[in-house]
Amino acid sequence: MILRRWTGRIRTADREAYVRYIEGTGGSDYRNTHGNLGFQMLMRDLGDETSEVTTLSWWISLDAIKGFAGEDITLARYYPEDDRFLLDRPEHVEHHEVMVGRMILGGSAAD
């Protein structure tokens, strides 16, 4: 399993609107891409009226990520309205091979 991680910043006042926006853009695309095992969005208030946003998505393989990200999977994928929310646009994402872990899916443990 591969974890894809992206981190950026938004204005804290835009948190709720940004979550709704991502659910309809990146979240929808994650759900509709073959090989995606799920995703999460994390928020952390930085105390300066900005919040750090991290998206984590899980994939069956690096090849599966190409269906979402394109041929160069190291590049972050952005949408037309992102400039409305994002204070920075990191060019790259991280990929990590999941070596050990346990997830609870539907009330039962999956290794």
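The values are calculated or read from the model by the stated rules, or taken from the named source; none is laboratory data. All figures in this text were calculated on a predicted structure; none of them were measured in a lab. Neighbour counts run over all protein chains shown; Cβ positions are idealised from the backbone, glycine included.
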Would you say D29 is among the charged types (D, E, K, R), at pLDDT 95 or above, more than 10 Å from the chain's Cα centre (by Cα) and not in a strand (DSSP E or B)?
no
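Within segment 41-57, can one find any residue that is in a helix (DSSP H, G or I) and either free of Cβ contacts under 8 Å to residues at least 40 places away in the same chain or on the phi > 0 side of the Ramachandran plot (or both)? Steps first, answer last, please.
In the first step, residues of segment 41-57 are kept if they are in a helix (DSSP H, G or I); the result is none.
No, that holds for no residue.
Per-residue answers, yes or no, for (1) over 18 Å from P90 (Cα atoms); (2) charged (D, E, K, R):
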| position | (1), (2) |
| --- | --- |
| R4 | no, yes |
| I10 | no, no |
| A13 | yes, no |
| V19 | yes, no |
| T33 | yes, no |
| N36 | yes, no |
| L42 | no, no |
| D45 | yes, yes |
| E49 | yes, yes |
Can you tell me which of (1) in contact (Cβ under 8 Å) with a residue 12 or more places away in the chain; (2) out of contact with any Lys or Arg (no Cβ under 7 Å at 6 or more places or on another chain); (3) assigned to a loop (DSSP other than H, G, I, E, B) is the one D88 doesn't meet?
(2)
For segment 38-68, the count of residues that are crowded, with 16+ Cβ neighbours inside 10 Å and over 10 Å from the mean Cα position of the chain (by Cα) equals 6
Confirm whether T50 is among the hydroxyl-bearing types (S, T, Y) and touching a helix residue (DSSP H, G or I) at 6+ places or on another chain (Cβ under 8 Å).
yes
Can you find a residue that is surrounded by 13 or more Cβ atoms within 10 Å (Cβ to Cβ), in a helix (DSSP H, G or I), under 13 Å from the mean Cα position of the chain (by Cα) and in contact (Cβ under 8 Å) with a residue 24 or more places away in the chain anywhere in segment 1-15?
no
Lone unmet requirement of (1) part of a loop (DSSP other than H, G, I, E, B); (2) surrounded by fewer than 17 Cβ atoms within 10 Å (Cβ to Cβ) for I73
(2)
